[in-house]
Amino acid sequence: MTTHAIPLMQQSSRNPPFRTKTFLFDIGRVLLDFDFESSLARLIPSGTDDAHERIHSVLHRKDALESGQIDPAGFADWALSVLGSDATREQFYQAWQQIFTPNASMWHCVRQLAADNHNLILISNINAIHCPWIFTAYPEFALFEHRILSFEAGILKPELAIYHYAINTYRLDPAETIYIDDQPQNIAAGQQMGFLCWQYDLNHHQAFEAWLQKTLAAG
């Protein structure tokens, strides 16, 4: 797809460098797309009539895993029971992990932001089955200097406490912090904190690029 925004690499080579900012990046449907349903469906015995409802029940409890209220083993055993699956716990972990597809356009942007010496921080609702596995499976996460992960912090977005934690821990100036997330409730919380926010849509990456160019150019 052709974009009308000047690529970040070209922009930085033609003009004086942008002022360094801090970026807070969500992971899901920003850096990585995901599909839980297709992966979990492979664990359910063929011919199960209510497979969709079983998967929905498992995902409905995902927040407890992502806030650290339940451990991976306990969640896996419970989920396999709900799914009616005879898979092993390890097979569940593998299915839970194999849901991601990298968003190449956003990773290109991240690489350039890192090259331009911007400060990159992850802030994600995520769980102990995905981490630290995800950082080995996708080594470019090393471009992010810091990580705020919900299951470690015990706080889920959009609770304001997780953003206060980010500000206090990394001494952020919200007016100089760009926050990118796909969920409207998280963006609303970020705006309340005073961040420069963009609600990201995987299908409209070039709109993000255009906004980012303007935001960085504004200083």
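The values are calculated or read from the model by the stated rules, or taken from the named source; none is laboratory data. Every value quoted in this text rests on a predicted model; they were computed, and no experiment measured them. Here Cβ is always computed from backbone atoms with ideal geometry, including for glycine, and neighbour counts include all displayed protein chains. Accessible surface areas use protein heavy atoms only, side chains included; no ligands, DNA or RNA. Shrake-Rupley method; radii C 1.70, N 1.55, O 1.52, S 1.80 Å.
Residues in region 39-68 that are open to solvent by 60 Å² or more (accessible area, probe 1.4 Å) and hydroxyl-bearing (Ser, Thr, Tyr): 1 in all. How many of the residues in region 164-181 are free of Cβ contacts under 8 Å to residues at least 40 places away in the same chain, within 13 Å of ILE121 (Cα to Cα) and not aliphatic (A, V, I, L, M)? Result for region 164-181: 3. None of PHE25, PHE100, PHE36 is open to solvent by 10 Å² or more (accessible area, probe 1.4 Å) and under 14 Å from the mean Cα position of the chain (by Cα) except PHE100.
Per the listing ASP201, ASP181, ASP173, the residue uniquely surrounded by fewer than 16 Cβ atoms within 10 Å (Cβ to Cβ) and touching a Phe, Trp or Tyr at 6+ places or on another chain (Cβ under 9 Å) is ASP201. For region 111-119, check the following and say yes or no: at least one residue is loosely packed, with under 15 Cβ neighbours inside 10 Å and among the charged types (D, E, K, R). Yes: region 111-119 contains one or more residues that are loosely packed, with under 15 Cβ neighbours inside 10 Å and among the charged types (D, E, K, R).
Here ALA189 meets each of (1) closer than 27 Å to ALA115 by Cα; (2) of a type in the set (Gly, Ala, Ser); (3) surrounded by 13 or more Cβ atoms within 10 Å (Cβ to Cβ) with one exception, condition (1). Among the candidates ILE126, ILE134, the residue that is open to solvent by less than 60 Å² (accessible area, probe 1.4 Å) and not in a helix (DSSP H, G or I) is uniquely ILE126. Tallying residues that are touching an Asp or Glu at 6+ places or on another chain (Cβ under 8 Å) and outside any loop (DSSP other than H, G, I, E, B) within region 26-44 yields 1. The numbered conditions (1) surrounded by 14 or more Cβ atoms within 10 Å (Cβ to Cβ); (2) touching a residue at least 60 places away in the same chain (Cβ under 8 Å); (3) aliphatic (A, V, I, L, M) are all true for ALA217 except (1).
Okay, residues lined up against (1) acidic (Asp, Glu); (2) within 25 Å of the chain's Cα centre (by Cα); (3) within 26 Å of LEU202 (Cβ to Cβ):
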position: ASP49; (1), (2), (3): yes, no, no
position: ARG61; (1), (2), (3): no, yes, yes
position: GLY68; (1), (2), (3): no, yes, no
position: TRP96; (1), (2), (3): no, yes, yes
